[in-house]
Ligand SMILES: NC(=O)c1ccc[n+]([C@@H]2O[C@H](COP(=O)([O-])OP(=O)(O)OC[C@H]3O[C@@H](n4cnc5c(N)ncnc54)[C@H](OP(=O)(O)O)[C@@H]3O)[C@@H](O)[C@H]2O)c1
């Protein structure tokens with residue numbers, strides 16, 4: 001058993017775009033579990049856009065990460081030692097122990113995973129975890145897709161967007177993605193099966209999205225905001241639904257950008273509603289079963305971008321904020 005625990009701490013809060021200097025790798029002794037506790041060994045660490053928000057101290061729906069503490073994050077862990085009656089050595093659990101090799105837990109918030117159903121086990125951080133539920137719940141609850149409608153999703157090759165478009169197809173919709181670069185767009189169409197994908201890095205974005213959506217847009221699953229949102233906003237149909245999921249284009253902005261044209265929301269009687277996945281999660285108890293079945297039947301493809309080694313986490317996370325990840329980003333730790 002290792003005796004050293006590598007931890008990546010939040011060293012300082014970024015004023016704008018974060019850099020590697022905001023993180024610090026330290027080594028501490030592996031902690032000892034006491035009665036009622038387990039020692040967890042991290043197998044996979046999830047890296048997600050929301051972590052950028054946790055690096056800042058401003059008001060949000062969740063408390064910020066603490067400076068000097070390991071960065072927060074979802075994990076898949078193996079129980080390395082147990083003094084807890086509910087867990088045995090070797091159990092695999094979903095956990096939230098952040099950017100470190102080892103952590104002690106009293107069991108709160110741990111969910112045992114069945115490696116036969118969650119296979120590969122890293123899917124617990126993607127399709128069969130928070131991003132998959134975000135896609136499922138946000139699309140079904142707010143998008144309410146109906147056969148024949150056009151569903152557009154931004155960040156379409158990523159952890160959430162890749163599932164949104166495939167679910168839209170399973171619901172009989174036209175699925176159109178917006179993604180960064182020809183390689184991602186090709187993947188979205190050829191592998192994921194979307195009807196079209198528009199590269200947001202080219203010119204005339206609005207015209208190209210309009211071409212891909214000849215009947216306008218009925219559902220927009222908003223993952224990015226910024227230029228993509230401004231380009232497609234006028235293409236939204238009467239009674240369209242906008243699932244406001246994320247605004248990654250503005251996560252590094254020190255001050256809010258001028259907002260979208262909310263008058264359009266009024267005139268076209270659109271529904272725009274933000275959501276937090278943890279609040280909708282309980283409403284969809286069958287979601288992971290359906291997602292797992294569709295995955296194993298090949299009806300859903302799911303791309304993972306797995307980086308080897310905890311020490312790579314800062315670099316990989318910073319890359320995610322620049323679009324360098326291709327699929328659900330995770331770190332193989334143990
Ligand atoms: N509301 C909720 O409960 C909830 C839950 C989970 C995730 N989210 C949000 O959902 C969105 C997608 O998350 P994810 O986990 O699926 O991430 P992801 O798509 O796997 O990775 C992020 C992607 O965002 C795009 N991006 C990054 N910086 C950008 C910029 N400045 N402008 C435009 N696009 C940019 C890049 O894709 P391209 O290269 O294709 O542009 C990048 O690959 C995020 O906004 C996230 O905050 C919300």
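Here, each number is a calculation from the coordinates, and none is a lab measurement. Treat the numbers as computed from the prediction; the structure is a model and nothing was measured. A quick note on method: Cβ atoms are made from the backbone with ideal geometry, for glycine too, and the neighbour counts reach across all protein chains shown.
For segment 71-110, what is the largest minus smallest coordinate of the Cα atoms on each principal axis, given in angstrom and ordered from greatest to least?
So the extents along the principal axes, rounded to whole Å, are 28, 17, 13.
Can you list the equivalent-ellipsoid semi-axes of the chain, largest first and in whole Å, using the square root of 5 times each Cα gyration tensor eigenvalue?
Result for the chain: semi-axes of 36, 22, 17 Å.
Considering all projection directions equally, how large on average is the shadow of the alpha-carbon convex hull of segment 232-334, in square nanometres?
For segment 232-334, the mean projected area of the Cα convex hull comes to 10.1 nm².
When only alpha-carbon atoms are used, what values of Rg and Dmax, in angstrom, describe segment 82-214?
So, for segment 82-214, Rg and Dmax equal 18.9, 61 Å respectively.
Restricting things to Cα coordinates, could you compute the convex hull volume per residue of segment 27-77 in Å³?
Per residue, the Cα convex hull of segment 27-77 comes to 121 Å³.
Would you kindly compute the Cα radius of gyration of segment 176-300 and its largest Cα-Cα separation (Dmax), both in Å?
For segment 176-300, the Cα-based Rg and Dmax read 16.1, 45 Å.
Once the Cβ-Cβ distance between residue 206 and residue 301 is put in as r, and R0 is 35 Å, what FRET efficiency do you end up with, to the nearest 0.05?
0.75
Report the FRET efficiency, 1/(1 + (r/R0)^6), for residue 170 and residue 62, where r is their Cβ-Cβ distance and R0 is 22 Å, rounded to 0.05.
Values: r = 31 Å, r/R0 = 1.41.
Calculated transfer efficiency: 0.10.
Report, to the nearest 10°, how far helix 287-296 tilts away from the longest principal axis of the Cα atoms in the chain, using its own Cα long axis and a range of 0 to 90°.
Once rounded, the angle reads 90 degrees.
What is the fewest-to-most order of 328, 301 by other Cβ atoms lying within 10 Å of their Cβ?
301, 328
If I model a spin label as a point 7 Å beyond the Cα along the Cα-Cβ vector, how far apart are those points for residue 315 and residue 106 in nm?
Going by the 7 Å Cα→Cβ label model, 3.9 nm.
If you project the alpha carbons of segment 225-264 onto the principal axes, what extent comes out on each, in Å, largest first?
34, 18, 14
Just rank 122, 12, fewest to most, by other beta-carbon atoms within 10 angstrom.
Lowest count first: 12, 122.
Normalise the Debye intensity by I(0) for segment 101-163, one equal point scatterer per Cα, no solvent, then take log10 at q = 0.15, 0.16, 0.17, 0.20 Å⁻¹ and round to two decimals.
Taking Cα atoms of segment 101-163 as identical point scatterers yields -0.63, -0.69, -0.74, -0.89.
Let me test this: with uniform point scatterers at the alpha carbons of segment 160-213, what is the Debye-based log₁₀ I(q)/I(0) at q = 0.12, 0.23, 0.29 1/Å?
Each listed q corresponds, in turn, to -0.23, -0.82, -1.16.
Under a plain spin-label model, where a point goes 7 Å from the Cα along Cα-to-Cβ, how far apart in nm are residue 4 and residue 117?
According to this spin-label approximation, the distance is 3.9 nm.
What ranking do 281, 99 get, fewest neighbouring Cβ atoms within 10 angstrom at the top?
Starting with the residue having the fewest Cβ neighbours, the order is 281, 99.
Report Rg(Cα)/(2.2 N^0.38 Å) for segment 63-138, keeping two decimals.
Numbers: Rg = 13.4 Å, N = 76, 2.2 N^0.38 = 11.4 Å.
Rounded to two decimals, the normalised Rg is 1.18.
Using a 7 Å offset from the Cα along the Cα-to-Cβ direction at both residue 239 and residue 286, what is the distance between the two label points in nm, to one decimal?
2.6 nm
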